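Readers should treat all values here as calculations from the given coordinates under stated rules, not as data from a laboratory. Because the structure is predicted, anything quoted here is derived from the model rather than measured. Positions of Cβ are backbone-derived with ideal geometry, glycine not excepted, and every protein chain shown enters the neighbour counts.
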């Protein structure tokens, strides 16, 4: 089903619940994967993903379709991730490096990464990036979004995103070579 | 230097089995329309402070703003007052200080006495003597 039809169903009071259910089914995996790469832990990703869809439900009537539905959803998801990580830092009075170290230690416990040292090292390298740069890197490298879509999601210019991604790649390669 | 392009891209972060089957239901339950409130409930929210203000206003404007001491004293029985005064050690010094009699007070007292009692000439003479004494107090 196309986004336009989804929106029509969500905005019609008679089909709102059904339409929203379809929207969740259509976007849940993308949202979860986007969030999970940022927060690493499944339980945290679950909490954040639920919050993202609750925010979407509250705000969908105000969505004016100036942008694509998926970039709007990604924007909410990205903001929720950054808010979650900032809260984590504030709650435990942790500097950025310590949050990264905490997330990094979670990687060591992931069974999916056991025995795959190069993937583990890549993930640890990504965690050394500042949160916003990590979002940019993940969207470009793993999700292969266009810079134009990323610009809509992050409200940043394409030029700035290109520069950010370039710096991120450089830092990661340095880490991998160390 | 190790190149990023040399590393195969892998989707490492897998959700637990069945997670995406349950998630829409969980979210749907969380966003389900809350139990409808009675229509008057929001009105009550605003009406309650208004009622409180109105009641406070009525009390403020209808109640005695200054206690009417004279009226309160008048409502006490003369016998009760007398009994109280008899049983109270009166410090005359304080009373004298409190009493600031002047000519007009005495005249008023005189008028009250005459207007209150119907008295015979003998008692009238006695009262006049008392008033004379008070005059020269």
For this session: Only Cα pairs under 8 Å and at least 6 apart count here; give the relative contact order of chain A as a rounded whole percent.
Result: 18 percent
Exercise. With springs only between Cα atoms under 10 Å, which of A:116, A:46, A:98 fluctuates most in a Gaussian network model of chain A?
Worked result: A:116
Exercise. How much FRET efficiency would the formula 1/(1 + (r/R0)^6) give for residue B:9 and residue A:55, where r is the Cβ-Cβ distance and R0 is 35 Å, rounded to 0.05?
Worked result: 0.75
Exercise. If you bin every alpha carbon distance in segment A:3-177 into 10 Å steps from zero, what whole percent lands in each bin?
Worked result: 9, 35, 34, 16, 5, 0
Exercise. Can you pull the Kirkwood radius for the protein assembly as shown, inverse mean 1/r over Cα pairs, to one decimal in Å?
Worked result: 27.6 Å
For this session: Starting with the fewest neighbours, write out B:79, A:152 ranked by other beta-carbon atoms found within 10 Å of each beta-carbon.
Result: B:79, A:152
For this session: Mind telling me which of A:32, A:18, A:147 comes out most flexible in a GNM of chain A, alpha-carbon contacts under 10 Å?
Result: A:18
Exercise. Helix A:42-59 versus the longest principal axis of chain A: what angle, 0 to 90°, nearest 10, using Cα atoms?
Worked result: 30 degrees
For this session: Please give, to one decimal in nm, the separation of the simple spin-label points placed at residue A:133 and residue B:81, each 7 Å out from Cα toward the Cβ.
Result: 9.4 nm
Exercise. Roughly what angle does helix A:96-109 make with the longest principal axis of chain A, taking Cα atoms, 0 to 90 degrees, to the nearest 10?
Worked result: 90 degrees
For this session: List A:155, A:164, A:67, A:105 from most exposed to least, where exposure is judged by having the fewest other Cβ atoms within 10 Å.
Result: A:155, A:105, A:67, A:164
For this session: Could you work out, residue by residue across B:16-25, how many beta carbons of other chains sit within 10 Å of that residue's beta carbon, and then give the average as an integer?
Result: 4
Problem set entry | Likely footprinting exposure, B:3, A:132, A:140, fewest C-beta neighbours within 10 Å first | B:3, A:132, A:140
Problem set entry | Cα-projected label distance for residue A:79 with residue A:17, points at 7 Å along beta-carbon direction, nm | 2.8 nm
For this session: Quick one: among A:113, A:103, A:85, which has the greatest mean-square fluctuation in a GNM of chain A with alpha-carbon springs under 10 angstrom?
Result: A:113
